[in-house]
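Following: one structure in structure tokens, then a few remarks.
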Amino acid sequence: MNVFNGIRVRIVFTTAVAAFFCVQLGVVIFGKSLAFNTIGQLKNNPILHTPSDQAECLANPAEWTDLRRPFFRVYPYDVATFETLNSKAESIEPALLDAFRNGEERPSMIKWVGRWGAGALVQVSSAGPCSLLYLRLQTGDQLFKGMEGKLILALFFTLALTMFLVTVFAVRPLVRRLRKVRTAAETIGLSESYRSSNDRQEDDIGLISRVLDNAHDRMVADGRKLELRAQALEEHLAEIAHDLRTPISSLHLALERVAETATDTEEVEWTNRALADSVYLMRLTENLHTATRLQGGLDPLRGTPQTDLVDLVHQVGLRFSLLGKRKGIEVASAHPDGPLWVICDPAMAEQALSNVVHNAVSHGDPGGHVALVLERAGNQGFEIRIEDDGPGVPPAELSHLVERTFRSDAARQRDPRGGGLGLAITNEICQRANWSIHFEITEPHGLKVIISGPLK
């Protein structure tokens, strides 16, 4: 992870670099200002203006230098030869010599010398080794020799103060605003938990804050519209499913009576097809009705309703044995003698079990078998197994069986009707009733569905 990705780190780093260069620039400006002021004073107050100064220089021109002016060194030269006896003297800048030879009185210059520097020539007598003085502003290394500690300390405190001020008055407020904008972006569209940054400043961050607020309002409004539409659609489907239950049941009873009296082979075949379709329509309308009620918050445990699983398995087995008989599929059920009570709405428990058995019968082949077995699981639990020897499903599709709208490829090829709603409804009822549902592949082919849970 790049440490410079954070905006705070970037700002602090940039501020530190800027402060460093500002200090360096201040040092340069200080040096230049010192050079201008000192050279200006030299033009009005020449060095060695007293006989004693002249005598001091003439007594030892090889070692003499004027120490009365801080940051400067003065070296004596002979005005006739432009040479010096001082071994420590620096060479005169050629530009200064040219200006002096051309008649300029006390020529001076300020330029970068080493790091930076300045110089001037002042003639104080007509001849001799001290007749011409070369005034030289010390370079950076010389100027701050002996002052390194003070300079570093001053630089450190200047830099620290600059960073502190920038952090307090620039970085922290900016980071605080950005954090609020980030929080708003993370909760946008969540009507209950959205936290607006309420940033009304007239800059880019304030503009982003207002854009997020507007986007949130639109998303909440659109979500509310979609919710109302979905609610209206669910209510409409529930009403349709409820209205269809009675006529479909009547149609199914009529078809059963026709099937009981039919003698012609073709007539029996068409009646059985019609009965299969009526069963499919009944299951479909029941599932649609239950799905909309579940979506609306239906709880199969509300009011602690009780269901006898023994009676439920017996009734479901009997009902689908008649359907299986017409398809040439044997449906058998087995259960304990005494009742096994569970906490669940009877209608929803019946629908959860019927959906599984209906799938087994619908997708079975003539001559096939479906077994519905109820057993105790320990002292406080039950287990219902629905096992068939039908075509089964591939192992990769087992985990998708409880998804709405999912149907295996084999099921679609055998019967294109249906949208895979039945097992999804069963799974949701089991979850809300604190039951579990499990799928296993049987050999050589077929599917086993296991529903288990606690007894009352």
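The values are calculated or read from the model by the stated rules, or taken from the named source; none is laboratory data. What you are looking at is a predicted structure, and each value in this text was computed from that prediction instead of being measured. Please note: Cβ atoms are built from the backbone with ideal geometry, for glycine as well, and neighbour counts cover all protein chains shown.
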Just to be sure, is Ser209 in a helix (DSSP H, G or I), modelled with pLDDT of 75 or more and among the polar types (S, T, N, Q)?
yes
Mind checking which pairs have a first residue in region 205-218 that is acidic (Asp, Glu) and a second that is surrounded by 14 or more Cβ atoms within 10 Å (Cβ to Cβ), Cβ under 7 Å, 6 or more apart or different chains?
Asp213/Ser196
Condition (residue is surrounded by fewer than 17 Cβ atoms within 10 Å (Cβ to Cβ) and at pLDDT below 75) applied to region 267-279: is it met by at least one residue?
yes
Which one is farthest from the chain's Cα centre (by Cα) among residues in region 277-330 that are of a type in the set (S, T, N, Q) and assigned to a helix (DSSP H, G or I)?
Ser321
Might you let me know whether region 38-61 holds any residue that is outside any helix (DSSP H, G or I), among the small types (Gly, Ala, Ser) and at pLDDT 80 or above?
no
I'd like to verify a number: residues in region 94-121 that are modelled with pLDDT under 85 and part of a loop (DSSP other than H, G, I, E, B), how many?
8
Sole exception among (1) modelled with pLDDT of 85 or more; (2) touching a helix residue (DSSP H, G or I) at 6+ places or on another chain (Cβ under 9 Å); (3) at positive phi for Leu133, by number:
(3)
Kindly evaluate Leu284 against the criterion of being touching a helix residue (DSSP H, G or I) at 6+ places or on another chain (Cβ under 9 Å), surrounded by 15 or more Cβ atoms within 10 Å (Cβ to Cβ), under 30 Å from Leu233 (Cβ atoms) and not assigned by TED's automatic domain parsing to the domain that holds Asp388.
yes
